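To start, the structure under review is shown below, and the notes come after it.
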Amino acid sequence: MTPIALPAPTPLHRHRLRGGAVLRHALKRDATGPATDPAAAAPAALTRPALLALCACVLVAQAMVAAVNLLLPQLAASTLHPTPGQLVWAVDAYVIVFAALLIPAGALGDRYGRKGALLAGLALFAAGGAVSALATAPAVLIAGRGLCGAGAALIMPATMSVLIHLTPPERRGQALATWTLSAGLGGLAGNVGGGLAGEFLTWRALFWAVVPLGALLALAVARTVPRTPARSDASVDPLGALLLAGALLAVVYGIIEGPSYGWTSAAVLIAFAAGAGLLAAFTGHALRAAHPLLDPRIFASRRLRAGSLGIGAAFFGLFSLFFVNAQYLQYAKGFSPALTGLAIVPLTVGMALVPKLGARLAERTGPRLPVGAGLGLIGAGLLLVSTVDAGTPYALYACYLLVLSVGTGLCAPSLTLTVVAELPAHQAGLGSGLNTAAREIGAALGVAVVGTVLASRFHGDPRDAAQIGAFTDAMGVALRTAASALLLAALAVVAGYRKGGGARPRRDAASGARGAC
């Protein structure tokens, strides 16, 4: 009996499907004719070695976002003699390039092959590590960090896209929970690895470690991960990719540099103006193009807007904590760099144990409950951390971290699945790029907001024991500000998951690009 090819669910259909029903609305291939969607025919099952290889790639790419922060004192005293501004760029070059290229990189994987994009990303990642390790001037170090960021931009969407294509619909939520766990653990691994390198090795050793690690991961991917169907008709849209990457680059630059230059400085205002102008140009181009990189009309889906905002809000909270954690533990508690890196390990507990619970809860009740509860717990965790001072026992501080980590683990799988489910399977790379871009922009905003408030209220030297009280007071105000912003965003996200009444996107925008299906 010939199976009947079912149409791909539109965003309107998805609004009517709750929880696990979204996952079970699968495409089927007509045995006598071409597939309605190339992704409909699953090329192979996801094996455990392939899952481990993909998750290891995610963990390593995310770890390099945080690892350099703990090496800044070493870099400042190194023979490179970087200025304070160059130190900031040694950290930010990775994040800016990473965020700016995510969506175009996801589209490239959809068009030319996700496994190939992943291997190319690992090669760029290793090359960037080598350039950074060999740096004889700050500019070379910054260039190497940017090259690593370009590699990470290829790695992150490709890994999620491969997971989506190799996992049957009924298990996709659990697979994405594992991916989310790996991304969360990457930030922690970066803190631990950077702290250990700062204590016992050198900053060059950390970058050199990236080279064999990238080679080993590439070997593991080549041997364990099967190729997934590419789409020769998938839209790459070079002009759209250039406009969107430029817009994201300008916006993220403005967010990151705001605390340093001032939010009303010419450089920051020009960056935001350029970002707005480029985004408007991209929108106009995408609305006219036959095959746009990303059709803006997909954001008529209230759930897609809510999922993107929720992902950004969750990582806004997480990186607000990361920004002050190392300073608090080293200056107020007197921890060494290595111990500082290890002291954040309690965050792994919730991230390791809760994501699968969150995915199961979403299948039973829909995403609104785990998303609302998770974001609420992240906000509560920030409020609890805002109460600490030099006399707070570390055990109590670890409990506060645990609250925040449980919240992250609870909401992240449902938020990720929302963004991915609102795009058709053949655009999984584009969807995962959008998902990760929301994470990185949220993270950059978290650092910017907390850094700005902290700098405005504390003007001393936290290494001076007499000023620790003033530092922790200012840190508390900064974290309470971040928690308030996060909880307001959480209300908007939860409202976006309510039943009915959502905006109904035009049918030709359902695929994210006209003519893509």
### Query
Among 112-119, 483-490, what's the highest-first ranking by average C-beta atoms within 10 angstrom per residue?
112-119, 483-490
#### Entry: Computed FRET value (nearest 0.05) for Ser78 with Ala395, which takes r as the C-beta separation and R₀ as 25 Å
0.10
### Task
Mark the label point 7 Å from the Cα of Thr47 along Cα→Cβ and return the residues of region 92-119 whose backbone N is within less than 17 Å of it.
115
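How would you order 365-375, 456-466, 54-64 from highest to lowest mean count of nearby Cβ atoms within 10 Å?
Numbers: 365-375: 22.8, 456-466: 12.5, 54-64: 24.6.
Answer by packing, highest mean first, reads 54-64, 365-375, 456-466.
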### Task
Kindly rank 217-223, 203-209 from highest to lowest mean number of other beta carbons found within 10 Å of each residue.
203-209, 217-223
### Computed lengthening from Arg457 to Arg223, 0.36 nm per intervening residue step minus Cα-Cα distance
78.9 nm
### Message
What is the percent carbon and sulfur in the accessible area of region 261-372, measuring with a 1.4 Å probe over the protein chains and ignoring ligands?
### Response
69
### Task
Could I have the simple spin-label model distance between Tyr112 and Val477, label points 7 Å from Cα toward Cβ, reported in nm to one decimal?
5.1
### Message
Can you bin every Cα-Cα distance in region 298-425 into 5 Å intervals starting at zero and give me the percent of pairs per bin, rounded to whole numbers?
### Response
2, 11, 20, 21, 16, 12, 8, 6, 3, 1, 0
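The values are calculated or read from the model by the stated rules, or taken from the named source; none is laboratory data. The structure displayed is predicted, hence computed values, not measured ones. Heads up, the Cβs are rebuilt from the backbone with ideal geometry, glycines too, and the neighbour counts pull from every protein chain shown. Accessible surface areas use protein heavy atoms only, side chains included; no ligands, DNA or RNA. Shrake-Rupley method; radii C 1.70, N 1.55, O 1.52, S 1.80 Å.
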